[in-house]
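The values are calculated or read from the model by the stated rules, or taken from the named source; none is laboratory data. What you are looking at is a predicted structure, and each value in this text was computed from that prediction instead of being measured. Please note: Cβ atoms are built from the backbone with ideal geometry, for glycine as well, and neighbour counts cover all protein chains shown. Note: accessible area is taken over every heavy atom of the protein model, side chains too, but ligands, DNA and RNA are not part of it. Shrake-Rupley method; radii C 1.70, N 1.55, O 1.52, S 1.80 Å.
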Amino acid sequence: MYETKYHRATSVEAGARLMSEAEDGKFLAGGMTLIPTMKQRLASPSDVIDLRRIEAMKGIVISGRTVRIGAATTHYDVSIDEELAKICPAIVSLAAHIGDPQVRNMGTIGGSIANNDPAADYPSSMLALDAMIITNERSIPASDFFVGLFETALEPGEIITAVEFIAPDRAAYKKFPNPASLYAMAGVFVARSGDVIRVAVTGAGENGVFRLIDAEAALASNFSSAALDSLIVNPDGLLSDMHASADYRANLVKVMARRAIAEIANRPM
Amino acid sequence: MGVEGIGARVLRKEDKRFMTGKGRYTDDMVVPGMKHAVFVRSPHAHARIAGINVEEAKKMPGVIGVLTGSELKADGIGNLICGWMIHSKDGSPMNMGAWSPLATDTVRYVGDAVVLVIADTKGEARDAAEAVDISYDELPVVVNAVEALKHGAPQIHPEASNNMIFDWDLGDEMATNDAFAKAVHVTKLDIVNNRLIPNAIEPRATLGVYDAAEDHYTCWTTSQNPHVARLVMSAFYNVAPENKLRVIAPDVGGGFGSKIFIYPEEVVCLWASKKTGVPVKWVGDRTESFLADAHGRDHVTHAEIAFDQNNKILGLKVQTIANFGAYMSLFSSSVPTYLYATLLSGQYDIPAIHANVKAVYTNTAPVDAYRGAGRPEATFVLERIMETAARELNVSPAELRRKNFVRTFPHQTPVIMNYDTGDFDATLDAAMQAADYAGFEQRRQQAAKRGKLRGIGMSCYIEACGIAPSAAVGSLGAGVGLWESAEVRVNAVGTIEILTGSHSHGQGHETTFAQLVTERFGVPIESVSIVHGDTDKVQMGMGTYGSRSGAVGMSAVVKALDKVEAKAKKIAAHLLEADEADIEINNGDVRVVGTDKSLPWFQVALAAYTAHNLPSGMEPGLKEGAFYDPANFTFPGGCHICEVEVDPETGVTEIVQFVAADDFGKIINPMIVEGQVHGGLAQGIGQALLEGTHYDASGQLLTASYMDYAMPRAFDLPSFRILTTETPCLSNPLGIKGCGEAGAIGSPPAVINALTDAIGSNELSMPATPQVVWNAIQAIK
Ligand SMILES: Cc1cc2nc3c(=O)[nH]c(=O)nc-3n(C[C@H](O)[C@H](O)[C@H](O)COP(=O)(O)OP(=O)(O)OC[C@H]3O[C@@H](n4cnc5c(N)ncnc54)[C@H](O)[C@@H]3O)c2cc1C
């Protein structure tokens, strides 16, 4: 009843082909989300196509200020990349604070954004960095990619191969973890490139990651945490559950945003 | 103290096997022909079972059997019981509803076991379990005990009208009312003790093996008290007579109380093994642990305390509603009664106390003893109300406590307990000094400059361990005696086996019990082995809970050692041609005092077994047994001081300092005691800050995984400062009081007292998560 065939893809093309041949296939990356779901029998794919061994999907390439992270790169590998730390320390620190060591050594950036958990960390960075999500078929701007709760612009069978972004002048990520799961209960990624300021929020939105446009506007005229003193984060549209009410999340979004900006201000660049 | 005797920091002998993954747990047991079981559990919190269809499931691949409660009943297996009778204040016995190991007509909580599926593999059993077709007619649900008592609430058991199991009183109500009439000040407090889910690292498991040739059963199980399991399964559940039932609890990965009780699973698997003719193993998964292990705590309490003009306590009134869940678990009734209300006097001389406890059924998992069992609840009430009173009376919390400390012993409280000894000033002084209590105000101001709210809180707890004098607990309704047994077997070459009815599931008995022998005979600790956890090896025992292994289990060992020592001395005196009174045993030598005449220990042992030259009339062998029935409870006590810093913007609490000064009486191994305190504090702090159990209105457990149930992690905890003072217990031979639960008992009120001090509001419930703390701060803004 729950039989699953395991395939190990050696190239992106092979992965796509295996998927097209499968009756009800699923890509497998770190398996940190997919495997528990299968164990609980909430998912029962006919075929699992493992993307982790595809060399072309692994590793971090930096040319100038352009950063390309392969989709099968683990959180751990992002968290220890010294070159990346020089030009975008915020994403390195984000990766270092995902889950626990076991999860960081298995989970991948591609899996994280494909899954688009509303409490996952990476989606906020993708949105704030105005990243391109590169698939085997096209490039999708982050602002079009994250559609809703666990929903993305990916078509069936489409494989994320990498993400690409221009390192910002400055950026910071501040996360308030859920005390039980350690996922984000409110995480705010602030990125500044020249005059362009982008603030993205994860963990708090009813529809997943979103941009905090009001904060961006306030910061454009005065890039300091004081600029957010009078910011009112509207609790409408924020998640409310046994861990945190919408009001509390609204407060956390503001506090995390201010702390991210304070960190940028204090960090030598 | 020798290097391996009493008081030595001997490294734990058992850790090599635990740390290298070589422990042997129930799930590691494999017997020929063994099959795997999965329970089909109720997805509803309350429903009538309209029909059970197992035909499809029986046809699934690998299936050996699909069994239901009606078959179990037809074979004469009895309902699960609560073994401690409580009478309501009107004299009527408690209203215990029926608990069938497999539900037949009604399910009463999410996780209630209904059908057992056995198959060749666990995967096949799971597949077949999904094919079992149970139709339910849903019934109205109540999860909150206060709601359950209300008129018109859903009825859970026909035996308990309005869901009331008992309405029980302790203490003199009239005298307490009189005391309140004279009061100059009365402090009142409404308080909730949050429900906890035990979360032992090893989920429960059992392997039932029926041997048709011998008509004999073996039950491997994750138990803290295998002998009690055998007794109860024989005497009440009708599984098999005791001589036909062997219960083995091998290595057990933590219990914290939750593995005291006899659950449906072991009863059903034993019965199913006979029914299907195959050994049946069930290993719970983590979700089952959350749903169907007995939970802890869950009290709603109103308390009032009365003071005279000198701030001396005149009286205490406590009214508690205790949520028992859907069924009465094995010792559930004792927890909010004789393990709770009897401790309400705390460290204080209180002339009059009256407590009323209402026990209530709800559509939630059964609730029973969990680390501390009743004493944490009592301590939380008393230490929160003392702190609150100090604030209202505008005196320092330490001063108010000191003013009321018991200082003469023995001290008879108005709630049964008779404290033999203690020195509450000593633990309070030690803790305050270690915490630099005097310097707190300065630290508070420094924290304020950093934008943090700093607070300090204390808790002066007493608890009762070493449960308990059998006649006393018998008169209070216990269905069993609470003594312990031991046997000391000296082998012919002088090595020694200690057989004990205590069970070790993390406590380190293999080390500490051996230290007693090393202390006594001076033999190396490697030559001593501890045997426990098997009813075929150890004749009888009451098991490990209530911090009783040291106070009761070791006392039995001491009695047996006394007998062995006496016999060894007789033999040695005979061989050395000396007077028995002149023989001493030291460092592995048996010698005549003041002479150079001696025999090595092993020769005395050998002489006992060769029996070539024994005193006339003496039986061969060197083996003695003893039963120890405690004369009194023991009373560990101490003072915990917690210091916190709160981030007012987020409500995050950081424990910046935690001091525990405890009086555990005599300590056998300080390292192990510290480990016990660390674990207890982690659990107490977990209760105070992190662990919240949430059922929704339909009775679904929302916190059924670690995604939602927050267990304390290392980074949630400070580096503890642990001190001990010592007033040896007077009622047992070693002077031991017990240390297993103190950490979980003393710490929650210390944390909440510190937090309420920090934020300047007394309205704070546990777990005080960042959200809860932030709400409390907003409410007073
Ligand atoms: C205990 C625990 C704690 C965690 N804590 C955090 C946390 O704090 N913050 C956080 O952000 N995350 C957290 N996670 C999530 C984790 O970090 C992973 O990001 C997440 O599990 C998904 O990545 P994965 O590589 O494991 O993907 P998988 O589980 O293998 O796959 C997830 C989904 O993505 C699809 N998929 C995977 N790769 C691709 C691809 N290249 N193209 C298209 N589809 C793809 C799969 O088909 C599947 O549907 C936690 C997980 C666990 C188990």
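Straight distance only, please: which lysines reach the Cα of residue A:39 with their own Cα at less than 19 Å, same-chain residues fewer than 8 apart left out?
A:5, A:26, B:122
Please give the calculated 222 nm ellipticity per residue for chain A, where each DSSP H segment of at least 4 residues contributes -39500 (n - 2.57) and the sum is spread over every residue; nearest 500 deg cm²/dmol?
Only helices count here, giving -9000 deg cm²/dmol.
Which FRET efficiency, nearest 0.05, do residue A:149 and residue A:20 yield, Cβ-Cβ r, R0 35 Å?
E between residue A:149 and residue A:20, to the nearest 0.05, is 0.80.
Where does each of B:295, B:532 land when they are ordered by accessible area, with a 1.4 Å probe and the largest first?
The most accessible residue leads, giving B:532, B:295.
Just from its helices, what would the mean residue ellipticity at 222 nm be for chain B, if runs of 4 or more DSSP H residues each count -39500 (n - 2.57) and the sum is divided by every residue, rounded to the nearest 500 deg cm²/dmol?
Per the formula, -8500 deg cm²/dmol.
Let me confirm one metric for peptide A:178-189, namely the mean number of other chain beta-carbon atoms within 10 Å of its residues' beta-carbons.
On the way: counts 5, 16, 12, 6, 4, 1, 0, 3, 1, 0, 0, 0.
The per-residue average across the peptide is 4.
Can you list the lysines whose alpha carbon sits under 21 Å from that of residue B:317, skipping same-chain ones fewer than 8 residues off?
Once the sequence-local lysines are set aside, what remains near residue B:317 is B:89, B:182, B:188, B:358, B:403.
If you rank A:108, A:37 by how much accessible surface each has, with a 1.4 Å probe, what is the order from largest down? Numbers along the way, then the final one.
Values: A:108 5, A:37 40 Å².
Correct descending sequence by accessible area is A:37, A:108.
Rounded to whole Å, give me the distance from the Cα center of segment B:23-62 to that of segment A:225-269.
First find each Cα centre; the distance between them is then 48 Å.
Compute the FRET efficiency between residue B:34 and residue B:700 as 1/(1 + (r/R0)^6), taking r as their Cβ-Cβ distance and R0 = 45 Å, and round to the nearest 0.05.
Calculated transfer efficiency: 0.85.
From zero up to wherever the largest Cα-Cα distance of segment A:58-266 sits, split into 10 Å bins and tell me the percent of pairs in each.
Per 10 Å bin, starting at 0, the Cα pair percentages come out as 9, 38, 38, 14, 1.
How about residue B:781: which aspartates and glutamates have a C-alpha closer than 16 Å to its C-alpha, ignoring those fewer than 8 places off in the same chain?
Leaving aside aspartates and glutamates fewer than 8 places away in the same chain, those within reach of residue B:781 are A:247, B:647, B:649, B:757, B:763.
Please report, in debye to the nearest 20, how large the charge dipole of the protein assembly as shown is about its Cα centre when each Lys and Arg carries +1 at its beta carbon and each Asp and Glu carries -1 there.
1060 debye
Mind listing P(r) for segment B:150-222? All alpha-carbon pairs, 5 Å bins, whole percents.
Percent of Cα pairs in each bin: 3, 8, 8, 8, 10, 11, 14, 12, 8, 6, 5, 3, 3, 1, 0, 0.
Ignoring solvent entirely, what values of log10 I(q)/I(0) come out of the Debye formula for segment A:5-50 at 0.20, 0.28, 0.30, 0.33 Å⁻¹ when each Cα is a single scatterer?
Cα-only, vacuum Debye calculation for segment A:5-50: -0.59, -1.01, -1.09, -1.21.
Roughly how many whole Å is it from the C-alpha centroid of segment B:290-357 to that of segment B:95-155?
Comparing the Cα centres of segment B:290-357 and segment B:95-155, I get a distance of 30 Å.
Given a cut-off of 23 Å, name the pairs among B:312/B:737; B:35/B:275; A:86/B:452; A:254/B:452 whose C-alpha atoms lie farther apart than that in the structure shown. Kindly include the intermediate steps, with their values, before the conclusion.
On the way: B:312/B:737 28 Å; B:35/B:275 13 Å; A:86/B:452 33 Å; A:254/B:452 18 Å.
Beyond 23 Å between Cα atoms: B:312/B:737; A:86/B:452.
Could you work out the relative contact order of chain A? I mean the mean sequence separation of Cα pairs under 8 Å and 6+ apart, divided by the number of residues, in percent. Walk me through the numbers before you get to the answer.
Working: 582 pairs, mean separation 39.9, N = 269.
Normalised by residue count, the contact order of chain A is 15 percent.
Once you have a ≥ b ≥ c as the square roots of the Cα gyration tensor eigenvalues for chain B, tell me rounded if a/c is under 1.5, and otherwise prolate or oblate according to whether a/b is larger than b/c.
It comes out oblate by the Cα gyration axes.
What's the longest uninterrupted piece of chain B once you rule out the GluC sites (Glu not before Pro) that are loop residues per DSSP with at most 15 other Cβ within 10 Å?
Answer from the scan: B:215-576.
In nm, to one decimal, how far is the modelled label at residue A:55 from the one at residue B:726, with both set 7 Å along Cα→Cβ?
In this crude label model, residue A:55 to residue B:726 measures out at 6.7 nm.
Once you charge only the Cβ atoms, +1 for Lys and Arg and -1 for Asp and Glu, what is the size of the charge dipole of segment A:5-50 about its Cα centre, to the nearest 20 debye?
Result for segment A:5-50 is approximately 220 debye, rounded to the nearest 20.
Please report the accessible area of residue B:575 (heavy atoms, 1.4 Å probe, ligands and nucleic acids excluded) in Å², nearest 10.
Approximately 60 Å² of residue B:575 is accessible to the 1.4 Å probe.
Looking at chain A, do any whole DSSP H helices span at least 27 angstrom along their long axis by alpha carbon and average -0.5 or above on Kyte-Doolittle, and which?
Correct list, ordered by number: A:246-266.
Add +1 for every Lys or Arg and -1 for every Asp or Glu among the other residues with Cβ under 12 Å from the Cβ of residue B:242, and state the total.
+2
Rounded, prolate or oblate: which one fits segment A:1-112, using the alpha carbon gyration tensor with axes a ≥ b ≥ c (rounded when a/c is under 1.5, else prolate when a/b beats b/c, else oblate)?
Because a/c hits 1.5 or more and a/b fails to exceed b/c, segment A:1-112 counts as oblate.
So if each residue of separation counts as 0.36 nm, and I subtract the Cα-Cα distance between residue B:475 and residue B:580, what length gain in nm does that give?
33.6 nm
If I take the Cα coordinates of segment B:483-628 and project them onto the principal axes, what are the three extents in Å, biggest first?
The Cα atoms of segment B:483-628 stretch 46, 28, 23 Å along the principal axes, largest first.
If you take each beta carbon of peptide A:243-255 and count the beta carbons of other chains within 10 angstrom, what is the mean? Intermediate values should be presented prior to the final figure.
Numbers: counts 10, 5, 3, 0, 4, 9, 1, 0, 6, 6, 0, 1, 4.
What the average comes to for A:243-255 is 4.
State the percent of C-alpha pairs, over all pairs in the protein assembly as shown, separated by a distance greater than 51 angstrom.
30 percent
Across the residues of B:701-712, average count of Cβ atoms on other protein chains within 10 Å?
Working: counts 0, 3, 3, 0, 4, 3, 8, 7, 3, 6, 2, 1.
Mean number of neighbouring Cβ atoms from other chains: 3.
Considering the dipole of chain B built from charges on the beta carbon (Lys and Arg +1, Asp and Glu -1) around the Cα centre, which of B:668, B:640, B:352 is farthest to its positive end?
So the residue furthest toward the plus end is B:640.
Would you list the P(r) distribution for segment B:53-158, with all Cα-Cα distances sorted into 10 Å bins from 0 and each bin expressed as a whole %?
13, 32, 31, 17, 7, 1
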